1. Can you work out the PRE-style zone for Arg133? Point 7 Å along Cα to Cβ, and I want the residues of the stretch 6-21 with backbone N under 16 Å.
2. Starting from the Cα of Lys239, step 7 Å along the direction of its Cβ; do the same at Asp162; then give the gap between the two resulting points in nm.
3. If r is the Cβ-Cβ distance from Ile170 to Asp225 and R0 is 30 Å, what FRET efficiency results, to the nearest 0.05?
4. If I take every Cα pair under 8 Å that is 6 or more residues apart in the chain, average their sequence separation and divide by the length, what percent do I get for the relative contact order?
5. Counting only protein heavy atoms and using a 1.4 Å probe, what share of the accessible area of the stretch 1-139 belongs to carbon plus sulfur, as a whole percent?
6. Against the empirical 2.2 N^0.38 Å scaling, what ratio does the C-alpha Rg of the stretch 1-67 come to?
7. Given the stretch 25-97, what whole percent of its Cα pairs are spread farther than 18 Å?
8. Using a 1.4 Å probe and ignoring any ligands, DNA or RNA, find the accessible area of Val17 and quote it in Å² to the nearest 10.
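The values are calculated or read from the model by the stated rules, or taken from the named source; none is laboratory data. On a predicted model such as this, the values are computed, not experimentally measured, just so you know. So basically every Cβ, Gly included, is an ideal-geometry build from the backbone, and we count neighbours across all protein chains shown. Surface areas here come from the heavy atoms of the whole protein model, side chains and all, with no ligands, DNA or RNA. Shrake-Rupley method; radii C 1.70, N 1.55, O 1.52, S 1.80 Å.
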Amino acid sequence: MAILNRFFEAEAANWVVDKIDVLEGRAKFCAYNALRYLKWANETYAVSSLVSNFNGLHATEEAVACFISSGVRFGSNANASKIKLREHKTKALVSIFAQRCLRSIDGHRVKFGVSPNHDNLIFDLPIVEGGWRGEFHLSQLRLMDEGAEACSDWQKLGEGPDLDDIFEEISKASRARNALLYADDDGVPTGFTDPEEALIRDTKLTFGLIWAAVDLHMDPARDSDFLNRFLAQIVDLQKEGKARKKLGSDG
């Protein structure tokens with residue numbers, strides 16, 4: 001059995017795939033391309049984990065582009081008009097927050113399913129006494145919100161990372177890609193230390209980012225507060241990057 005079959009067969013993942021057609025333009029094409037890379041990753045793992053991980057990385061990159069495109073479409077013009085879709089720092093910021101969310105979901109053992117009317121995903125948080133179950137939307141995630149209730153800690157994404165963290169994320173992604181592609185003084189690429197773990201992480205990130213884009217398209221007004229706070233962070237990041245670049249050139 002292929003390594004990712006359990007993800008492709010999961011009810012929540014199938015719901016996400018079925019809803020991709022609510023996306024438009026670049027977001028839709030990036031989502032479908034991300035799934036295509038994931039399928040290639042699944043099919044090639046038994047033959048070459050290195051090739052499989054390479055496809056997994058590309059799937060996540062396409063899913064990031066899917067979410068950014070959706071954010072620019074539905075964000076307030078004051079921020080959305082300033083977002084550069086192909087800016088590496090923007091992609092890195094999305095990746096950092098997506099990874100934070102994934103770590104929290106895994107750490108709190110959050111389970112996902114589909115609502116009875118098939119309109120939304122639902123979450124199930126079994127570690128809360130008596131259980132905690134409800135619809136899951138992008139609007140429930142919290143940026144820089146210290147006032148959230150204790151039982152919703154898993155939904156906190158925390159403070160925005162500084163530019164040094166962003167550049168480290170860009171560098172890490174570049175190193176990972178190079179480690180899968182290019183030979184160096186020490187030999188030919190051998191892949192990740194734990195290729196299965198890396199591929200599963202990229203699969204979760206890919207489905208999660210596509211879900212976020214779908215949720216945004218289905219009800220932009222509901223998700224607008226989260227989205228615009230997030231886009232504002234991207235704009236601030238772009239400004240800080242320009243300021244540092246200018247300071248460096250002046251020096």
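1. 11-12
2. Calculated label separation equals 1.8 nm.
3. After rounding to 0.05, the efficiency reads 0.60.
4. On the way: 321 pairs, mean separation 71.0, N = 251.
Averaging sequence separation for qualifying contacts and normalising by length gives 28 percent for the chain.
5. 51
6. 1.11
7. Roughly 46 percent, rounded to a whole number.
8. 50
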